[in-house]
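Each remark here refers to the structure printed beneath this line.
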Amino acid sequence: MTMKPRSKDVLLMAVGAAMLLVVMLVALHFQRGQSPAEQLAFKARRVDLVERIRLSLALASEAEKSAVLAVTDEDSQKYADQARAATAEVERGCKELGEFLQAGGTANEKDLLAQFSKVFAEFQRIDSDLLVLAVKNTNLKAYGLAFGPAADALQEMNTALSRIVTNSAAAPEARNIALLAFGAQTAALRIQVLLAPHIAEESDPKMDELESRMTKDDQAVHQDLDELARLPMYAGNTDLGTATASYAKFSKIRTQILALSRENTNVRSLAISLNQKRKVTLVCQDALAALQQAILQEHIAGVNYGAPSNPR
């Protein structure tokens, strides 16, 4: 036997359905706004915020590159500070956008923001390491010493040894003196020539090889200078004393150069900038572009994004 619903039951079901509809409409009201115009304005605010985040991210990347390529500590620090400030703007924008999306974003938009935040954390980690290296400028400082004080000290040594050769031209030991003086000059010059490749080198084993060659040449310089000093005619000689002191000065500066070169901060920061940083920046920008597109594609009732509704 089929039981027919009573009128009271039908009424209760109708009331329940009506209440559910009201709740849904109220929820939609608070989530989407009261009118298409308000919904459109809310969408525009989110799209604009994503664009601002993208711009800040680009500014952070440009400032980082300027910090890496700057030739003074002051400029490197200035650009590093700009990079950090722009990155902080990205963080603030993400926080604000997250609040907007919680108020009225779709699940897909929230997922896309979470994906960006994860990649951006990697961006920040790389940037933190990179900027610390960039402001040290150890390779640039090494170049400055190599082509400045070190070159000057070696020039003083060469000038003094050249005077020794000239002044001993009539001495019986002239040929031997010239060979020793030129030998010291040549070995010292080979060391000087190896400094620039060492500063530019990224590989530790290759730097070890260059330093090994410098050590052999350094021994040759000391041997030639010591043999000159053993000649009776050069006991207390001013030029030989100048040559020896100048080479000692060069050797001390060379030690500083090699230490700075080993830190390799300019070489390392440039390598990170061109590889890891560039790649993660592109991923970040792609994630923001996808989020921006998702917001733009949100449908708003009564708003026509395409062709006219009644085309002819």
For residue 186, indicate whether it is of a type outside the set (D, E, K, R), over 30 Å from residue 226 (Cβ atoms) and open to solvent by 20 Å² or more (accessible area, probe 1.4 Å).
no
Scanning the stretch 54-85 residue by residue, those more than 23 Å from residue 293 (Cβ to Cβ), more than 13 Å from the chain's Cα centre (by Cα) and of a type in the set (A, V, I, L, M, F, W, C) turn out to be 71, 85
Tell me which residues, restricted to the stretch 217-234, are without any contact (Cβ under 8 Å) to a residue 24 or more places away in the chain and of a type in the set (Asp, Glu).
226
Please work out which one of (1) within 16 Å of residue 161 (Cβ to Cβ); (2) open to solvent by less than 80 Å² (accessible area, probe 1.4 Å); (3) within 36 Å of the chain's Cα centre (by Cα) is the condition residue 221 fails and give its number.
(3)
Criterion violated by residue 242 - all others in (1) in contact (Cβ under 8 Å) with a residue 40 or more places away in the chain; (2) under 16 Å from residue 142 (Cα atoms); (3) among the β-branched types (Val, Ile, Thr) satisfied
(2)
Which of (1) at pLDDT 95 or above; (2) open to solvent by less than 10 Å² (accessible area, probe 1.4 Å); (3) farther than 24 Å from residue 281 by Cα does residue 104 not meet, given it meets every other one?
(1)
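Yes/no per residue for (1) outside any helix (DSSP H, G or I); (2) in contact (Cβ under 8 Å) with a residue 60 or more places away in the chain; (3) farther than 30 Å from residue 49 by Cβ; (4) of a type in the set (Gly, Ala, Ser):
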| residue | (1), (2), (3), (4) |
| --- | --- |
| 81 | no, no, no, no |
| 96 | no, no, no, no |
| 99 | no, no, no, no |
| 128 | no, no, no, yes |
| 141 | no, yes, yes, no |
| 163 | no, yes, yes, no |
| 169 | yes, no, yes, yes |
Restricting attention to the stretch 239-273, the residues that are part of a helix (DSSP H, G or I) and either within 25 Å of the chain's Cα centre (by Cα) or among the β-branched types (Val, Ile, Thr) (or both) number exactly 21
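Residues checked against (1) open to solvent by 60 Å² or more (accessible area, probe 1.4 Å); (2) hydroxyl-bearing (Ser, Thr, Tyr):
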site: 166; (1), (2): yes, yes
site: 172; (1), (2): yes, no
site: 177; (1), (2): no, no
site: 180; (1), (2): no, no
site: 191; (1), (2): no, no
site: 199; (1), (2): no, no
site: 203; (1), (2): no, yes
site: 206; (1), (2): yes, no
Examine the stretch 65-80 for a residue that is closer than 23 Å to residue 286 by Cβ, acidic (Asp, Glu) and modelled with pLDDT of 90 or more, and state whether such a residue exists.
no
Pick from the stretch 49-79 the residues that are outside any helix (DSSP H, G or I) and among the β-branched types (Val, Ile, Thr): which of them is surrounded by the most Cβ atoms within 10 Å (Cβ to Cβ)?
71
Can you pull out every residue in the stretch 143-154 that is open to solvent by less than 30 Å² (accessible area, probe 1.4 Å) and part of a helix (DSSP H, G or I)?
146, 150, 151, 153, 154
Taking the conditions exactly as written (open to solvent by less than 60 Å² (accessible area, probe 1.4 Å), farther than 14 Å from residue 52 by Cβ, of a type in the set (Val, Ile, Thr) and part of a helix (DSSP H, G or I)), does residue 90 satisfy them or not?
no
Among the residues that make up the stretch 118-131, is at least one of them under 26 Å from residue 43 (Cβ atoms) and surrounded by fewer than 16 Cβ atoms within 10 Å (Cβ to Cβ)?
yes
Selection within the stretch 224-238 - exposed (fewer than 14 other Cβ atoms within 10 Å of the Cβ) and either polar (S, T, N, Q) or not in a helix (DSSP H, G or I) (or both):
235, 236, 238
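The values are calculated or read from the model by the stated rules, or taken from the named source; none is laboratory data. No experiment lies behind these values; they were computed from the predicted model shown. Every residue, glycine as well, gets a Cβ built from its backbone with ideal geometry; the counts of neighbours run over all protein chains shown. Quick note on the areas: whole protein, heavy atoms, side chains included, nothing else; ligands and nucleic acids left out. Shrake-Rupley method; radii C 1.70, N 1.55, O 1.52, S 1.80 Å.
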